[in-house]
Structure formats: C-alpha cells, structure tokens
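Data first, discussion second: the structure below is written as structure tokens.
The values are calculated or read from the model by the stated rules, or taken from the named source; none is laboratory data. Predicted model only: the values in this text are computed from it and were never measured. Every residue, glycine among them, receives a Cβ derived from its backbone with ideal geometry; neighbour counts consider all protein chains shown. In case anyone asks, the SASA skips ligands and DNA or RNA and just uses the protein heavy atoms, side chains included. Shrake-Rupley method; radii C 1.70, N 1.55, O 1.52, S 1.80 Å.
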Amino acid sequence: MQWKTADYAGWGRALRAHGRIARPERVSALTGALAEGGPAIGNRRSYGDGALNSGGAATEMTRMDRLLAFDPETGVIEVEAGATIGALLKMLAPRGWMPRVMPGTGFATIGGCIANDVHGKNHHGAGSFGQHVLAVTLMMPEGPREVTPGADPALFRATMGGQGQTGAILSARLQLMPIPGQRMKVVETRMRDFDSFIAALDASDAEFTVGWIDATAKRKRLGRGILEEGMLVEGTRPGPERKAKPVPFDAPKALLSRPVVKIFNRWYGSGVPDSGRKRTRALDAFFFPLDALTDWNRLYGKRGFHQFQCVVPADRVAALKEILNTIARGGVASPLAVLKRMGPGRAGHLSFPMDGYTLAVDLPARAKVPALYARLEDQVLAAGGRIYLAKDALARPESMAAMYPELEAWRAEADKADPGRRLATDLVRRLQLRSA
C-alpha cells in the first residue's frame with residue numbers, strides 16, 4: 001500500500017490537517033492501511049474536522065465503491081462504503097428505486113452517511129439514514145464483521161452516527177424506497193417572516209420540505225425566505241443531465257461582504273413571485289442543488305467557512321427564532337441558510353435529529369465568528385437542542401454531554417471496539433468524545 005503525504009481539509013476549509021493518506025481498492029490493501037493506524041474517511045464532505053487526523057494517517061475509502069448485490073424486487077442493496085449517494089441515485093432511479101434518505105450533496109459516501117447518520121428533506125417522515133440500514137460490515141481487529149440491529153443492537157447503535165469510531169465501515173446493506181419516476185414536482189412559496197415559515201412547515205403534507213432563509217433580514221422581515229415542497233411524480237425522463245460548473249479560484253473577501261450578500265438574498269428571494277411557483281425538476285437538481293457548482297466552498301475564499309447547524313425541540317421554536325435573530329445581528333453575512341422540520345427519528349447514540357426544527361447557516365471564517373458561535377451554542381444548550389457534529393468546527397467539549405445524553409453509552413461501545421483509540425479524528429479529540 002502506497003501512502004501520500006498531503007495537506008487536506010474538511011469541506012469548510014477553515015480547519016486543515018497534514019498527514020499520510022492511503023487509498024486502497026481491496027480489503028486486503030485496506031487491512032494493511034488500517035494497521036498503520038488512523039481513521040477511515042470518505043469524500044471529506046463533513047464541514048469541520050470530522051475526517052481529519054492531524055499529523056497521523058488516514059485511509060480514504062473512495063476507491064472501494066462497488067455494488068455488491070441488488071434485489072430489484074425488494075429494493076435491498078449492498079454496496080461498499082466508498083460509493084456516493086449521488087452515484088446510487090443515478091444508477092437506481094431508472095430502475096424505480098432510490099435511497100430512502102438523501103443528504104444535501106450527492107458526493108457524500110455511504111460510509112459517511114452512516115458515520116454521521118445523515119438526514120434529508122424528508123426527515124419528518126422518513127427519519128435518519130441509519131434507520132434504513134439493514135446491516136453494516138465493519139473491519140474489526142479480528143477481521144470483517146457484519147453488524148445488524150437485531151443481533152448487535154448496542155454496537156449497531158454506536159456505529160450509526162458514531163463518527164467511524166467503532167471500526168472502518170466496509171459496506172452496508174440498505175433498504176431502498178420505490179419511486180414512481182425520475183422527476184420531482186416542486187411548489188415554491190415565499191414566506192414573509194419566521195412565524196409564517198414555521199406555520200407553513202407544520203401545515204405541509206409534502207413528503208419533502210426545505211426552506212431557504214434570508215439570514216441577513218431583521219425585525220419584521222426576520223426569517224423571510226422560500227419554502228420548497230416536493231412530491232415524487234411519474235416520468236421516465238430524468239431531465240437534462242447537469243454539467244457541474246467549476247469555481248476556478250478562491251473568491252475575494254469582498255464577494256461575501258454584508259452589502260453584497262444582502263443584495264444577493266433580495267435577488268434570490270425575488271425569483272419566486274408572490275403567487276408562488278410550480279415546476280418539475282430532475283431528482284438530482286432537487287436533492288443536490290449546490291452540486292451544480294463543483295468546489296463551491298471556494299466562494300468563501302482561502303480562509304474558508306464554518307457552518308452552524310442546530311436543532312431545537314418543537315416546543316422551543318421561540319428559542320430558534322432568537323438564535324436566528326442573533327445570527328442576523330452578528331454582522332457575519334451568509335447567503336446560505338436552511339430551515340427544516342424534523343421528526344423524532346434517529347438511529348444512534350450520537351445521531352443529531354430530534355423532533356423539532358433545524359437551522360443551518362454558513363459563516364465565513366472571520367475573527368468575530370468564534371465568539372458568535374459560542375453565543376449561539378449557549379442558546380442551543382438553553383433550548384435543550386444540539387449541534388450537528390458533521391458540520392461543527394467550533395463547539396466546546398463541555399457541551400457534548402448535555403447535547404448528547406447517550407454519550408457515555410456510546411463511549412463504552414467505542415472503547416470496546418477501538419480500545420487504543422487508533423480511529424480517533426481531530427473532531428473526536430477536540431470534543432473529547434472518547435474516554436480519557
């Protein structure tokens with residue numbers, strides 16, 4: 001196995017690492033790579049340091065992306081961990097199936113979807129990704145081991161959302177969902193403020209819902225934005241294939257100045273008329289809108305960005321409104337802010353979702369952001385909510401036990417599976433998730 005020494009980063013690019021990376025193609029090569037120590041990582045779509053191991057080794061799983069089995073009658077598929085969710089959608093949709101849970105990018109690997117127990121635009125109905133995993137095969141010290149929720153409930157639960165700390169994920173068996181076609185009917189509605197947004201989310205009976213929020217709007221316009229409601233419809237034509245456009249250079253700081261972002265947000269919001277808009281979209285365009293720009297993270301410049309994503313309980317929606325108000329008044333502009341309704345579904349001890357509302361906002365890496373993030377973190381704690389580890393780069397370790405009350409149960413399983421903490425990442429160490 002050949003190793004390459006490189007500088008690498010998470011998607012936010014604000015946190016970086018330097019170390020050795022191996023890219024095995026077979027289990028035999030993977031065994032040798034893992035013997036060197038370090039975590040197994042995917043496409044590094046976690047925004048912070050979840051896939052980083054500063055000064056150490058890491059095993060990138062993206063070349064282990066094979067389809068192992070597929071039953072077109074039952075919709076059960078087995079696939080290696082390095083396969084991407086977008087590749088699965090492209091392959092399966094013409095056959096009348098798709099993964100039950102789709103994260104916001106098609107470049108997320110199956111291993112990454114499991115390690116973060118990701119959610120999608122249908123979490124209020126479908127729950128989290130791990131709830132549709134029938135079995136996962138982990139590379140343990142004694143060799144590959146298939147883990148199921150029935151035979152190994154504690155280890156399975158520790159693996160779903162477990163940040164890859166229970167063993168390198170080799171493959172997974174998934175239950176897919178049947179679909180009537182390869183198109184999505186989308187209804188877009190302008191929302192005048194936060195309260196109307198929440199009311200519309202609660203009233204919606206759409207299978208897929210997501211809201212874009214103008215995070216710079218204040219006072220009466222606080223929380224204005226666009227609600228998208230999607231419904232799968234018949235149609236064998238997937239629509240024209242999207243050709244992703246690259247971002248060829250790191251954008252200058254002025255591009256994300258507050259005046260420029262406010263102008264962009266007003267323009268984006270005006271794209272939907274007062275009467276609303278209906279259109280039919282290809283599945284990938286609906287599920288992965290930002291994938292139309294490859295390396296869109298370069299729009300935040302060389303210093304990168306942080307994403308703050310929280311969820312608060314349904315009965316603490318007023319606290320979420322105040323969190324959004326803190327962001328709007330924080331002086332750090334962002335054109336990307338998303339609001340979604342979540343249900344109770346979660347598959348693991350460290351799974352992010354809870355029955356409530358989630359808000360995600362990109363924050364350009366500026367000197368004032370850590371202090372702003374700390375204020376937001378305190379508000380989330382006071383509301384009984386939690387921060388999404390897949391997006392985090394700035395949270396404090398002392399917040400983890402309150403946000404994730406099953407932390408000790410997870411630690412026990414992770415310590416049994418990896419007693420030497422050889423799989424620990426920068427995030428695991430920063431947040432002190434593993435036992436001392």
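Go through region 202-222 and count every residue that is out of contact with any Gly (no Cβ under 7 Å at 6 or more places or on another chain), buried (at least 21 other Cβ atoms within 10 Å of the Cβ) and not in a loop (DSSP other than H, G, I, E, B). Selection size over region 202-222: 2.
Within region 292-318, being outside any strand (DSSP E or B), more than 18 Å from Gly48 (Cα to Cα) and open to solvent by less than 20 Å² (accessible area, probe 1.4 Å) holds for no residue.
Tell me yes or no: at least one residue of region 57-73 is in contact with a Lys or Arg (Cβ under 7 Å, 6 or more places away or on another chain), more than 21 Å from Val133 (Cβ to Cβ), surrounded by 20 or more Cβ atoms within 10 Å (Cβ to Cβ) and not basic (Lys, Arg). Yes, region 57-73 contains a residue that is in contact with a Lys or Arg (Cβ under 7 Å, 6 or more places away or on another chain), more than 21 Å from Val133 (Cβ to Cβ), surrounded by 20 or more Cβ atoms within 10 Å (Cβ to Cβ) and not basic (Lys, Arg).
Restricting region 1-31 to residues that are of a type in the set (Gly, Ala, Ser) and loosely packed, with under 14 Cβ neighbours inside 10 Å leaves a set whose member that is farthest from Thr137 (Cα to Cα) is Ala6. Determine whether Leu427 is within 14 Å of Phe352 (Cβ to Cβ), of a type in the set (A, V, I, L, M) and not in a loop (DSSP other than H, G, I, E, B). Taking the combined requirement at face value, the residue satisfies it. Of the numbered criteria (1) within 30 Å of Val187 (Cβ to Cβ); (2) without any contact (Cβ under 8 Å) to a residue 40 or more places away in the chain, the one Arg45 fails is (2). For region 91-165, the strands (runs of 3 or more DSSP E) that sit wholly inside it and include 3 or more residues that are over 20 Å from the mean Cα position of the chain (by Cα) and over 20 Å from Gly75 (Cβ atoms) are 133-140, 143-147.
Using the structure shown, decide if Leu34 is surrounded by 22 or more Cβ atoms within 10 Å (Cβ to Cβ) and modelled with pLDDT under 95. Yes. Within region 350-363, identify whether any single residue is acidic (Asp, Glu) and crowded, with 17+ Cβ neighbours inside 10 Å, and answer yes or no. Checked region 350-363: at least one residue is acidic (Asp, Glu) and crowded, with 17+ Cβ neighbours inside 10 Å. Which one of Leu201, Leu227 is closer than 22 Å to Ala360 by Cα, touching a strand residue (DSSP E or B) at 6+ places or on another chain (Cβ under 8 Å) and without any contact (Cβ under 8 Å) to a residue 40 or more places away in the chain? Within the list Leu201, Leu227, the selection yields Leu227.
The condition of being free of Cβ contacts under 8 Å to residues at least 24 places away in the same chain and not in a loop (DSSP other than H, G, I, E, B) holds for only one of Ala367, Ala409, Ala374, Ala360, that being Ala374.
Taking region 28-72 as the range and being over 20 Å from Thr166 (Cβ atoms) and either of a type in the set (A, V, I, L, M, F, W, C) or part of a helix (DSSP H, G or I) (or both) as the test, the residues that pass are Ser28, Ala29, Gly32, Leu67, Leu68, Ala69, Phe70. As a summary of the residue check, Asp274 satisfies the conditions (1) open to solvent by 80 Å² or more (accessible area, probe 1.4 Å); (2) closer than 30 Å to Lys368 by Cα; (3) among the charged types (D, E, K, R); (4) modelled with pLDDT of 75 or more except for the one numbered (2).
The combined condition, being out of contact with any helix residue (DSSP H, G or I) (no Cβ under 8 Å at 6 or more places or on another chain) and either among the hydroxyl-bearing types (Ser, Thr, Tyr) or in contact (Cβ under 8 Å) with a residue 12 or more places away in the chain (or both), is not fulfilled by Leu52.
In this entry, Thr31 is excluded by the filter for residues that are in contact (Cβ under 8 Å) with a residue 24 or more places away in the chain, within 25 Å of Pro144 (Cα to Cα) and under 21 Å from the mean Cα position of the chain (by Cα). A search for C-beta distances below 7 Å between a residue of region 285-302 that is over 14 Å from Ile85 (Cβ atoms) and any residue that is open to solvent by 20 Å² or more (accessible area, probe 1.4 Å) and of a type in the set (A, V, I, L, M), counting only pairs 6+ apart in sequence or on different chains, returns Ala292/Ala244; Leu293/Ala244; Thr294/Ala244; Trp296/Leu290; Leu299/Leu255; Tyr300/Leu256. Just one of (1) open to solvent by less than 10 Å² (accessible area, probe 1.4 Å); (2) assigned to a helix (DSSP H, G or I); (3) charged (D, E, K, R) fails for Glu188. It is (2). Residues of region 377-406 that are open to solvent by less than 50 Å² (accessible area, probe 1.4 Å) and either part of a helix (DSSP H, G or I) or of a type in the set (Phe, Trp, Tyr) (or both): Glu377, Gln379, Val380, Tyr388, Pro397, Ser399, Met400, Met403, Tyr404.
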